[in-house]
Structures are given as structure tokens and as C-alpha cells.
1. Quick one: check the C-alpha center-to-center distance for the range 50-109 versus the range 194-251, whole angstrom.
2. For the range 30-93, what number results from the quotient of the Cα radius of gyration and 2.2 N^0.38 Å?
3. Can you compute the modelled spin-label distance between residue 236 and residue 30, with each label point 7 Å from Cα toward Cβ, in nm?
4. If you build the convex hull over the alpha carbons only and average its shadow over all orientations, what do you get for the range 1-127? Give it in nm² to one decimal.
5. Quick one: work out the % antiparallel among DSSP beta bridges in the chain, nearest 5.
6. Given the -39500 (n - 2.57) contribution per DSSP H run of 4+ residues, what per-residue ellipticity at 222 nm results for the chain, rounded to the nearest 500 deg cm²/dmol?
7. Taking the square root of 5 times each eigenvalue of the Cα gyration tensor, what semi-axes in Å does the equivalent ellipsoid of the range 73-145 have, largest first?
8. In degrees, nearest 10, range 0 to 90: what is the angle between the Cα axis of helix 178-187 and the longest Cα principal axis of the chain?
Ligand code: SAH
């Protein structure tokens, strides 16, 4: 009987290739096949064996190069050939990364797997912008929220709870819905003066940051035109950027 393969779900980190974990790097070095997304920095593939097979599965905002079913199928197929498969995902595989579905598919097909966490963009991009997500004086809680919930008008989002109870709000995939997000938060009681930032390509050399308030951020974005991938961060911690920013100074 041929050797059984394995699937490693590896968090690639948010963009800067050095932010992968040591365990993630080890998996890459042992990989026979790497299945990677647009947001996993392709620089990381340089750490793999020279004859590694690479499969790009896209996930561009408007079209998928491989469908989710095709991704699932390719993971199983390669593992059944006895390969060490790395499923490399941007950030953390479990934060809006569909690792649950892919791992479930492996389980159903008797394929063993490991899940290796990664640093998620929602924490790392603010930090590279000089915005610590919590702070003893400014924020005792944070939440990561999808800005692209099923149903595009975001009626399923629990706005009241977010507005009332969470100090720092981080929206992923929210650029298109930024006007809805800003309006809903103000409608549910967040002050229009709440500092708000958008960070594009955080932790990379292309990082750009737009800063405003809940009341002004839509206008600021119209002027600065930041695009995906970008996160939106809402909360007083954004105000710390002026004094703490460091990454752009180094470029
Ligand atoms: N699993 C990923 C998130 C995938 S959802 C993670 O843990 O980071 C994709 C969204 O993540 C993008 O639409 C964007 O909102 C955010 N994102 C990913 N990388 C980013 C980066 N370098 N800078 C800003 N936002 C990023």
C-alpha cells in the first residue's frame, strides 16, 4: 500500500513573509504540493523544495480561479497520492479562511491533517500602522467581523451589540460595504467622531493607511481610493497611530 499523505493547513501570516510561524515554515519545507491563495505571500514558496508542485487557487474578490469544491477535491487527490500537501492561507486559516469546511472534507475522506495558526491581518495590519488593538486606557475588547456577510446589506450583523459592547472593531472584506458599516454603527449609537482607519496591504511594503472618523471615513476613502485587501478598524486605539506609527517611517 502506498504511503498516506497529509494536509497541513498553514497560516501564512498577514503579508510580511517573515510573520509565518516556525511550524508553518517547517511544513512548507517538507511540502510536495502547495495549494495557495492570493493573500498568502508567494515569496514563502521559495522556502519549499525546488521540485514542489504549486497550485494557485485564486480567490480574487470577483472571481475564484478554483471553486471551493475544486480546492477540496485537489487537497484529497494530492494527499491520496501520498503527498505532503500544504494548504497555505493568508493570515490565520480559521479567521474567515474556510479551514473548517476544508478540514471536514479531509476528515470525511480519511485524510489526516494538521492546522497551524497564523497571525491574522486584523491584528497585524493595525500594529504595522502603529495601532495596538487593545490598550489599558483605550480599549479592553476587540472583535473581528466580516464586512461581506451572506446577504450583502449586512442585516445579519448584530450592530447593537458591537456598538454597545466592543471597543475596537475590525472589519474584514468590508471595503465595498464601508458606507453601510459606518452608517449602521452611528445609527446604533457609536459617536460619529470615533476614530476610524482603513489599512490596505497591511504589513507589506505596499501598506497604505487612511485615517478619519466614522463620520468622515467614506469621504476620506473617496479621496484616497484604498482597495482590497484592506481592513477597517474603528475605535479610539486608531488615535494612537499618530504617536506610535513606525513601519511607513522605515520604507
Ligand atoms: N484569513 C485571513 C483573512 C481572509 S479574509 C486572515 O486571518 O488575515 C480576506 C480579508 O482579509 C481581506 O478582504 C482583508 O479585509 C483582510 N486582509 C488580508 N490580508 C490583509 C492585509 N495584508 N492588509 C489588510 N487587510 C488584509
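1. With the range 50-109 and the range 194-251 each reduced to a Cα centre, they are spaced 31 Å.
2. Dividing the Cα Rg of the range 30-93 by 2.2 N^0.38 Å gives 1.08.
3. Computed distance between label sites residue 236 and residue 30 equals 4.7 nm.
4. 7.4
5. 40
6. -8000 deg cm²/dmol
7. 34, 12, 8
8. Relative to the chain, helix 178-187 is tipped by roughly 50 degrees.
Any read-out appearing in this document is the output of simple, stated calculations on the displayed coordinates, not a laboratory observation. Since the model is a prediction, treat every value here as computed from it, not as a measurement. All Cβ positions, even for glycine, are placed from backbone atoms using ideal geometry, and neighbour counts span all protein chains on display.
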